[in-house]
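Down below is the structure, laid out as structure tokens.
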Amino acid sequence: MRLSREFRNQFSQRELRTHGRKNGFVTAGQEARLLKWLPLIGLTRDMTLADAGVPVASPIVMEIGFGNGDFLVHLAETHPDWLLLGVEIYLPGVAKAVGRLEDAGLIERTRITQLPAQYVLQHQVAEGQLDGVCINHPDPWPKARHHKRRLIQKDFAALLVSRLKAGGFIKLASDKPDLAEWMRDILDATPGLTNVAGPGGFVPRDADRPETKFEQRGLKKGRSSQFLHYIRD
């Protein structure tokens, strides 16, 4: 089933063009969880993060494209002091993540949005408000004519930097070497960021990092992931 048009309109926007799947079907049980939790922890299009009841002094870390919520749950479990802002445009992924977070007893420490990351950063997050950003296995858009659709672009990188506190981090992962190098080259050249591995470098995998669904898919096809870690100057 699909959520009602009125409900979807609260948590979606049409001002920015996005690519890839957005809406989709959810089960009756998933719909019930969304109807229960999104009014409490969801960011509607007219809200800012400051309106979302964030505990004072809580570090705020955003995950862009959280898929089915595996990594979001991991972050909540391993960093109990963080407030997590999860961004995912695909509705069935949001539904799965909400269920996993509720089952783990972690959902009240998250804020969830189905809005595009660019919209969230431009309109809902203030300058210097984030302590970190995680981006795992973004869509590679492998055809050259589609490279403009890739998430990491020069303007987007500059927007990310503007929303990070001094000392804040950006962590990225990809199992596609072309995309990993694309992201590295753009972020290495972005003013205000320092590559922890040094210019042109990739960092080792975090020891406690779980294998996400997309990482497992890559491994089955013989592709290992590469990891990037940047610090805001």
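Computed from the coordinates by the stated procedures, all read-outs in this text should not be read as laboratory data. As the structure is a computational prediction, the values presented were derived from the model and not from experiment. For neighbour counting, all protein chains shown are included, and Cβ atoms are generated from backbone atoms with ideal geometry for every residue, glycine included.
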Non-local amide H neighbours of Leu85 (under 5 Å, H modeled in plane, Pro and chain starts lacking H): which ones?
Val61, Met62, Glu63, Arg111
Put in order of increasing Cβ neighbours within 10 Å, starting from the fewest, Lys213, Lys143 give Lys143, Lys213
What per residue convex hull volume, in Å³, comes out for the range 5-232 when only alpha-carbon positions are used?
129
Using a simple charge model, +1 on the beta-carbon of Lys and Arg, -1 on the beta-carbon of Asp and Glu, nothing else, what dipole does the range 25-97 show about its Cα centre, in debye to the nearest 20?
200
Indicate, rounded to the nearest 5 percent, the antiparallel portion of the DSSP beta bridges found entirely in the chain.
35
Among Leu187, Leu40, Leu159, what is the fewest-to-most ranking by other Cβ atoms within 10 Å?
Leu40, Leu159, Leu187
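Going by average Cβ neighbours within 10 Å, how do the peptides 132-140, 26-34 rank, with the highest at the top?
132-140, 26-34
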Test of understanding: extend the Cα→C-beta vector of Val56 to 7 Å, then name every residue of the range 101-130 with backbone N under 19 Å from that spot.
129-130
Gaussian network model of the chain, springs between alpha carbon atoms under 10 Å - residue of Asp51, Asp185, Asp70 with greatest fluctuation:
Asp51
In a Gaussian network model of the chain with springs linking alpha carbons closer than 10 Å, the residue among Pro116, Pro59, Pro191 that fluctuates most is Pro191
Translational D (Stokes-Einstein, µm²/s) of the range 89-146 at 20 °C and 1.002 mPa s when Rh comes from the Kirkwood sum over C-alpha pairs?
154
Arg223 and Glu102 label points (each 7 Å along its Cα→Cβ direction) are spaced in nm at 3.4
By Cβ neighbour count within 10 Å, fewest first, Asp155, Asp206 rank Asp155, Asp206
Round to the nearest 10 and give me the degree value, 0 to 90, for the angle of helix 28-41's Cα axis relative to the longest principal axis of the chain.
70
Nearest 0.05, what FRET efficiency do Arg205 and His79 give at R0 = 22 Å with Cβ-Cβ as r?
0.80
Proximal lysines to Lys143, defined as alpha-carbon separation beneath 26 angstrom and excluding residues fewer than eight positions away on the same chain:
Lys22, Lys154, Lys171, Lys176, Lys213, Lys220, Lys221
Potential extension, Asp185-Phe25 segment - 0.36 nm per residue separation minus Cα distance:
53.8 nm
So Ala166 and Thr48, fully extended at 0.36 nm per residue minus their Cα-Cα distance, gain in nm 40.4 nm
Cα-centred dipole magnitude for the chain, charges only on beta-carbon of K, R (+1) and D, E (-1), debye, nearest 20
1040
